[in-house]
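The values are calculated or read from the model by the stated rules, or taken from the named source; none is laboratory data. Treat the numbers as computed from the prediction; the structure is a model and nothing was measured. So basically every Cβ, Gly included, is an ideal-geometry build from the backbone, and we count neighbours across all protein chains shown.
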Amino acid sequence: MKQLSTILLLLVTLTTWSQQITVKGKVLESTSGLPLEFATVAFINQDGKIVTGGITDQKGMFSIEVDAGTYIVRYEFISFETKELPYQKLTSNITLSPVSLSESDNVLNEVVLRAETTEVQVRLDKKIYNIGKDLTTSGATVGDALNNVPSVTVDVEGAIALRGNENVRILINGKPSAIAGFGSTDALRQLPADAIERVEVITSPSARYDAEGTAGILNIILKKEKTLGINGSINTSVGVPTTSNVSGNINVRTDKFNIFNTTGYRYRNAPGNAFFSNFYKNIEPASGNNPLVTEKRIFEREDKSFNTNLGIEYYLTETSSITATGFLRFGNDDDVTTNTANEFNFDNDLAISRLRIENELEDDVNYQFSLNYVNNLSDDGHKLTADLQYEIGTEEENALITETNTFPNTTILPSEMIINLGDETEFLAQVDYVRPMGENAQFEAGARADLEETITDYTLLEEDVAGGTFIRDNGLSNVFTYNENVLAAYTQYGNKFGKFSFLLGLRVENTQLKGKVDGIDTSDNNNSDLAIDFDKNYTGLFPTVNLIYEIGERENVTLGYNRRINRPRGRFINPFPSRSSEANVFQGNPNLDPAYASAFDLGYIKRWDKLTLTSSIYYQNETNAFERIQEDTGELTGNGIPIIRTLPINLSTNERYGAEAGILYNPAKWLRLNGSFNYFLFKTEGAFNNVDYGTENSSWFARGSAKVSLPAKIDWQTNAFYRGPSNNAQTESEGILSVNLAFSKDIMDDNGTIGLNVSDLFNSRKRMSITDTDTFTSESEFQWRQRQVAVNFTYRFNQKKKRERGNREAGNDDDGDFEG
């Protein structure tokens, strides 16, 4: 009997020690209390050997299977102090108490290295890029910095595209903002790049985000320091062609409040140029008109801007806070466009030469005030947030256009004066509720109201004779009022089963688009078709599906589907033509309807110790797609030149297929490489005014970056970007190459950094295209900004470079992300 008892006890003991249990827990950063991703958790037996282990996910969580027994649990993370829980007796499934790790001041070099190797993070609905350590953005603007983000391109005019598609929504801290401009990107070219903490590339947006932007969303997260005390930085730069910039940010944080401010002033003289050559096929020699007209434009742009962003976050309780933020921007532009037009006869001899000069003064003021309330109802992510935001923008443009015939005789022609006053207001109210359900599930719901109004008061004054009295042109002067009101509600649910995670959502949006033209007299001209009032209402459902399958700890596959809308805005709606050129004009189309797109995205990511690979293939089908076409209006200028207009229209469909891949490779501490490649093809179908604009086209772009750490704390970085040739139904565009170069050196015990940047090293960033139609052929070359060389200096106080490591502090800016 005694032997039997001994045998039974031995069997029970062996069974107990061979039992697999699951140990869960969470690792936090002690300073901020935020999750610590990629922290290592190891289980060490009584012999001092590591039995098993794992790493934390994006929420700082871990779940590790281990044999029941007694272990030391060790928590480690590069640049942080190691912490151990001694001799934990683990006999059944258990969730350990959260553990906080503190930074170590003795491993600065490792921290900086980590910042280079964690530049991309993948979520269910987005990729997050930390561009804070890109040398080529030092002293640059947010617009410049975006051009270094994979999948994103910024063309020579500053237009931003995602995967080659310009229908992209720009958000600041998850919301539309005056900082990003009211439907334009001008403000992004004035805000310093150093203000960016990270950029979220959202190619498969979840239902949380508004459905605007068929290409997806770029969410720019601005810096807000989490560390207690006073800290900040000052940045200055000067360059050639003449540019100068000074900006600073300061953060004061206590246990009860957090005050943050970013202020900057910028001056830039940005020369540019353009060339147009129009050959008219239907002009007969007997008409007396000339078939070939060339235009050479020289842009001299003097831009001055001031912006400040001041906020205070007050902690009402340990779990709730309210943040008030005010943003103010002043812009003053003094631009001169010199347009030399030459007409050539059928013998290719110069017949007429004309000089047209446009002097334009522009003053912009943007105000924004916002309130944000956050209540963390529990530690597991149960949260309620509410936002109110009000924006006002005013713009005043005054332009004087003079024109002189310089050949064969000198003749001063009547001048024009344009006064363009714009007022824009936007009110946004939003509430979001996040409720975890069990261990891995999460429910979310919210609602938003976004009300916008734009009033454009346009006055054209023309001299009756050269040097005479200016008389109002009642046929073109007008007041155009445009309203866009969007009401939306959404819900989404996410869960994780083993290695599989999903996020399903549905958003409903009601859009009202209203346009009204006042103050125009159409009785004596041919512009009666321009005085168009409209009131349109659309309601749409926008489902989203996002899936992740974790093949391994460092490898996963994602699949996303979403439906999006692209609403016509601003310049595309206003029916009154531009006046910089008499013969080449841009005119908005008030008959534009929204475009809708359904998109699929299949992605793959793999991480090795020194290499990260991201890749995806995607498909998009867009109906009522916008397309800019050129057509002969059938009208002539006062000098007998046919007027060609560029007009946005709705085409029936636009199909887009593409694939992209990116690598981040760090073969050595002194060398860091990254590159990306994006190939896409699209097919459009549609006709306008009995002209078929259907076409098929493919294009691609690639970028590469190499950063080398040299002795004496000197860093050298080179970025190269090439966009391949492309075409639509009418226009073929050549490829564009751009190379940026930068050097930096740390000084003053790493509190200061001096740098040298060269933007567009080979002065090759030019858009060259040719348009061929039945009635004319047009060639053009456009360079928005010439090569620029700049020297910059940054000084940090209580803000060592180690704070620039890869971002993990999502804070409240993630708007309740679900991460399986």
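Filter region 371-397 down to residues that are polar (S, T, N, Q) and farther than 17 Å from Ser320 by Cα and give me whichever is surrounded by the fewest Cβ atoms within 10 Å (Cβ to Cβ).
As a first pass, look at region 371-397 and keep what is polar (S, T, N, Q): 372, 375-376, 378, 385, 389, 394.
Restricting the remaining residues to those that are farther than 17 Å from Ser320 by Cα gives 389, 394.
Working: Gln389: 21, Thr394: 14.
Residue satisfying both the conditions and the ranking: Thr394.
Take the residues of region 762-820 that are modelled with pLDDT under 85 and of a type in the set (Gly, Ala, Ser): which is surrounded by the fewest Cβ atoms within 10 Å (Cβ to Cβ)? Let's see the steps before the verdict.
Pass one, region 762-820, residues modelled with pLDDT under 85: 773-775, 784-785, 796-820.
Now restrict to residues that are of a type in the set (Gly, Ala, Ser): 806, 810-811, 816, 820.
Details: Gly806: 21, Ala810: 21, Gly811: 16, Gly816: 21, Gly820: 25.
Checked region 762-820; the qualifying residue surrounded by the fewest Cβ atoms within 10 Å (Cβ to Cβ) is Gly811.
From the list Ile234, Ile217, Ile196, Ile221, exactly one residue is surrounded by fewer than 19 Cβ atoms within 10 Å (Cβ to Cβ), in contact (Cβ under 8 Å) with a residue 40 or more places away in the chain and among the aliphatic types (A, V, I, L, M). Which is it?
On the way: Ile217 fails: surrounded by fewer than 19 Cβ atoms within 10 Å (Cβ to Cβ); Ile196 fails: surrounded by fewer than 19 Cβ atoms within 10 Å (Cβ to Cβ); Ile221 fails: surrounded by fewer than 19 Cβ atoms within 10 Å (Cβ to Cβ).
Within the list Ile234, Ile217, Ile196, Ile221, the selection yields Ile234.
Which pairs turn up if I take residues in region 327-339 that are touching a residue at least 60 places away in the same chain (Cβ under 8 Å) and look for partners that are basic (Lys, Arg) and crowded, with 19+ Cβ neighbours inside 10 Å with beta carbon separation below 8 Å, at least 6 apart in sequence or on another chain?
So the pair list comes out as Thr337/Arg297; Asn339/Arg297; Asn339/Arg356.
Give the residues of region 343-356 that are in contact (Cβ under 8 Å) with a residue 60 or more places away in the chain and either part of a strand (DSSP E or B) or under 37 Å from the mean Cα position of the chain (by Cα) (or both), sorted by residue number. Reasoning before the result, please.
Of the residues in region 343-356, the ones in contact (Cβ under 8 Å) with a residue 60 or more places away in the chain are 343, 346, 351-352, 354, 356.
Result: Glu343, Ala351, Ile352, Arg354, Arg356.
Which count do you get for residues in region 284-296 that are surrounded by 15 or more Cβ atoms within 10 Å (Cβ to Cβ) and touching a residue at least 60 places away in the same chain (Cβ under 8 Å)? Full working, then the answer.
First, the residues of region 284-296 that are surrounded by 15 or more Cβ atoms within 10 Å (Cβ to Cβ): 289-296.
Pick out the ones that are also touching a residue at least 60 places away in the same chain (Cβ under 8 Å) and you get 289-290, 293, 295.
Summing the residues that are surrounded by 15 or more Cβ atoms within 10 Å (Cβ to Cβ) and touching a residue at least 60 places away in the same chain (Cβ under 8 Å) in region 284-296 gives 4.
Based on this model, can you work out whether Glu463 counts as charged (D, E, K, R), at pLDDT 90 or above and surrounded by fewer than 19 Cβ atoms within 10 Å (Cβ to Cβ)?
Details: charged (D, E, K, R): yes; at pLDDT 90 or above: yes; surrounded by fewer than 19 Cβ atoms within 10 Å (Cβ to Cβ): yes.
So Glu463 passes the test.
When Gly634 is evaluated against the numbered criteria (1) assigned to a strand (DSSP E or B); (2) out of contact with any Pro (no Cβ under 6 Å at 6 or more places or on another chain); (3) on the phi < 0 side of the Ramachandran plot, which criterion, by number, is the only one it fails?
Just one mismatch for Gly634, condition (3).
Tell me whether region 516-523 contains one or more residues that are touching a residue at least 12 places away in the same chain (Cβ under 8 Å), outside any loop (DSSP other than H, G, I, E, B) and surrounded by fewer than 18 Cβ atoms within 10 Å (Cβ to Cβ). Before the answer, list the steps.
Start the filter on region 516-523 by keeping residues that are touching a residue at least 12 places away in the same chain (Cβ under 8 Å), which leaves 516-522.
Now narrow it down to the ones that are outside any loop (DSSP other than H, G, I, E, B): 516-518.
Applying the additional criterion that residues be surrounded by fewer than 18 Cβ atoms within 10 Å (Cβ to Cβ) yields 516, 518.
Checking region 516-523: at least one residue is touching a residue at least 12 places away in the same chain (Cβ under 8 Å), outside any loop (DSSP other than H, G, I, E, B) and surrounded by fewer than 18 Cβ atoms within 10 Å (Cβ to Cβ).
Only one residue in Thr214, Thr236 is outside any strand (DSSP E or B) and either modelled with pLDDT under 80 or within 21 Å of Arg785 (Cβ to Cβ) (or both). Which one?
Thr214
From the list Asn678, Asn674, Asn624, which residue is touching a strand residue (DSSP E or B) at 6+ places or on another chain (Cβ under 7 Å), in the same structural domain as Leu592 (by TED's automatic domain parsing) and at positive phi? Before the answer, list the steps.
Numbers: Asn678 fails: at positive phi; Asn674 fails: at positive phi.
Only one candidate qualifies: Asn624.
Within region 624-634, take every residue that is out of contact with any Ser or Thr (no Cβ under 6 Å at 6 or more places or on another chain) and either of a type in the set (S, T, N, Q) or in contact (Cβ under 8 Å) with a residue 12 or more places away in the chain (or both) and give me the one that is farthest from Ser151 (Cα to Cα). Even if it seems obvious, please write down each step before you answer.
Step one: list which residues in region 624-634 are out of contact with any Ser or Thr (no Cβ under 6 Å at 6 or more places or on another chain), which gives 624-627, 629, 631, 633-634.
Filter once more, keeping what is either of a type in the set (S, T, N, Q) or in contact (Cβ under 8 Å) with a residue 12 or more places away in the chain (or both): 624-627, 629, 631, 633.
Numbers: Asn624: 24, Ala625: 21, Phe626: 21, Glu627: 21, Ile629: 26, Glu631: 32, Thr633: 37 Å.
My answer is Thr633.
What about Ala441, is it in the same structural domain as Asn366 (by TED's automatic domain parsing), modelled with pLDDT under 90, over 18 Å from Glu358 (Cβ atoms) and surrounded by 15 or more Cβ atoms within 10 Å (Cβ to Cβ)? It would help to see each step written out before you state the result.
Numbers: in the same structural domain as Asn366 (by TED's automatic domain parsing): yes; modelled with pLDDT under 90: yes; over 18 Å from Glu358 (Cβ atoms): yes; surrounded by 15 or more Cβ atoms within 10 Å (Cβ to Cβ): yes.
Taking the combined requirement at face value, the residue satisfies it.
I'd like to check something: does region 478-497 contain any residue that is in the same structural domain as His382 (by TED's automatic domain parsing) and not in a strand (DSSP E or B)?
First, the residues of region 478-497 that are in the same structural domain as His382 (by TED's automatic domain parsing): 478-497.
Cutting the leftovers down to not in a strand (DSSP E or B) gives us none.
No, there is no match, as no residue in region 478-497 is in the same structural domain as His382 (by TED's automatic domain parsing) and not in a strand (DSSP E or B).
Taking the residues in region 56-95 that are touching a residue at least 60 places away in the same chain (Cβ under 8 Å) and in a strand (DSSP E or B) as candidates, determine which candidate is nearest to Phe38 (Cα to Cα).
So in region 56-95, the residues touching a residue at least 60 places away in the same chain (Cβ under 8 Å) come out as 57-59, 79, 90-95.
Filter once more, so that each one left must be in a strand (DSSP E or B): 90, 94-95.
Numbers: Leu90: 23, Ile94: 21, Thr95: 19 Å.
Looking at residues that are touching a residue at least 60 places away in the same chain (Cβ under 8 Å) and in a strand (DSSP E or B), I get Thr95.
For Ser247, all conditions in the list (1) surrounded by fewer than 21 Cβ atoms within 10 Å (Cβ to Cβ); (2) in a strand (DSSP E or B) hold save one; what is the number of the exception?
Among (1) surrounded by fewer than 21 Cβ atoms within 10 Å (Cβ to Cβ); (2) in a strand (DSSP E or B), Ser247 violates only (1).
For Ile392, all conditions in the list (1) under 27 Å from Ala207 (Cα atoms); (2) at pLDDT 90 or above; (3) hydrophobic (A, V, I, L, M, F, W, C) hold save one; what is the number of the exception?
Here Ile392 meets the rest and fails (1).
Output yes when any residue across region 727-743 is among the hydroxyl-bearing types (Ser, Thr, Tyr) and closer than 30 Å to Arg796 by Cα, and no when none is.
No: region 727-743 contains no residue that is among the hydroxyl-bearing types (Ser, Thr, Tyr) and closer than 30 Å to Arg796 by Cα.
Quickly run through region 646-670 and pick out the residues that are of a type in the set (Gly, Ala, Ser) and touching a Phe, Trp or Tyr at 6+ places or on another chain (Cβ under 7 Å). Give the derivation first.
First pass over region 646-670, keeping only residues of a type in the set (Gly, Ala, Ser): 652, 658-659, 661-662, 668.
Within region 646-670, Gly658, Ala659, Ala661 meet the criteria.
For region 733-755, name all the residues that are among the charged types (D, E, K, R), in contact with a strand residue (DSSP E or B) (Cβ under 9 Å, 6 or more places away or on another chain) and outside any strand (DSSP E or B). Lay out the reasoning, then the answer.
Applying the first criterion (among the charged types (D, E, K, R)) to region 733-755 yields 734, 745-746, 749-750.
Cutting the leftovers down to in contact with a strand residue (DSSP E or B) (Cβ under 9 Å, 6 or more places away or on another chain) gives us 734, 745-746, 750.
Answer for region 733-755, where residues must be among the charged types (D, E, K, R), in contact with a strand residue (DSSP E or B) (Cβ under 9 Å, 6 or more places away or on another chain) and outside any strand (DSSP E or B): Glu734, Asp750.
Which of the residues spanning region 431-451 are without any contact (Cβ under 8 Å) to a residue 60 or more places away in the chain and over 14 Å from Tyr209 (Cα atoms)? So that I can check it myself, show each step before the final result.
Within region 431-451, the first condition is being without any contact (Cβ under 8 Å) to a residue 60 or more places away in the chain, and the residues that meet it are 431, 433, 435-439, 441, 443, 445, 447, 449, 451.
Listed by number, the residues that qualify are Arg435, Pro436, Met437, Gly438, Glu439, Ala441, Phe443, Leu451.
So, Pro648, is that one within 25 Å of Thr214 (Cα to Cα) and either modelled with pLDDT of 80 or more or touching a Gly at 6+ places or on another chain (Cβ under 7 Å) (or both) or not? Break it down into steps so the answer makes sense when it comes.
Numbers: within 25 Å of Thr214 (Cα to Cα): yes; either modelled with pLDDT of 80 or more or touching a Gly at 6+ places or on another chain (Cβ under 7 Å) (or both): yes.
Here the answer is yes, as Pro648 does meet what is asked.
If you go through region 273-330, how many residues are closer than 30 Å to Ile196 by Cβ, β-branched (Val, Ile, Thr) and in contact with an Asp or Glu (Cβ under 7 Å, 6 or more places away or on another chain)?
1
Sort out which residues of region 699-733 are small (Gly, Ala, Ser), over 23 Å from the mean Cα position of the chain (by Cα) and closer than 22 Å to Thr777 by Cα, and write them in order of number.
Selection gives Ala729, Ser733.
Looking only at residues that are of a type in the set (A, V, I, L, M) and exposed (fewer than 15 other Cβ atoms within 10 Å of the Cβ) in region 533-552, which one is modelled with the lowest pLDDT?
Residues of region 533-552 of a type in the set (A, V, I, L, M): 541, 545, 547-548, 551.
Next, only the ones that are exposed (fewer than 15 other Cβ atoms within 10 Å of the Cβ) stay: 541, 551.
Numbers: Leu541: 96, Ile551: 90.
My answer is Ile551.
Give me the pairs: first residue in region 246-275 and among the hydrophobic types (A, V, I, L, M, F, W, C), second residue outside any strand (DSSP E or B), beta-carbon distance under 7 Å, and six or more apart or on different chains, which are they?
Phe260/Lys224; Phe260/Glu225; Ala270/Pro241; Ala270/Arg785
Quick check: is even one residue across region 653-665 surrounded by 20 or more Cβ atoms within 10 Å (Cβ to Cβ), assigned by TED's automatic domain parsing to the domain that holds Asp464 and not in a strand (DSSP E or B)?
So in region 653-665, the residues surrounded by 20 or more Cβ atoms within 10 Å (Cβ to Cβ) come out as 654, 656, 658, 660, 662, 664.
Still in the running and assigned by TED's automatic domain parsing to the domain that holds Asp464: 654, 656, 658, 660, 662, 664.
Within this subset, residues satisfying the condition of being not in a strand (DSSP E or B) are none.
No - not one qualifying residue is present in region 653-665.
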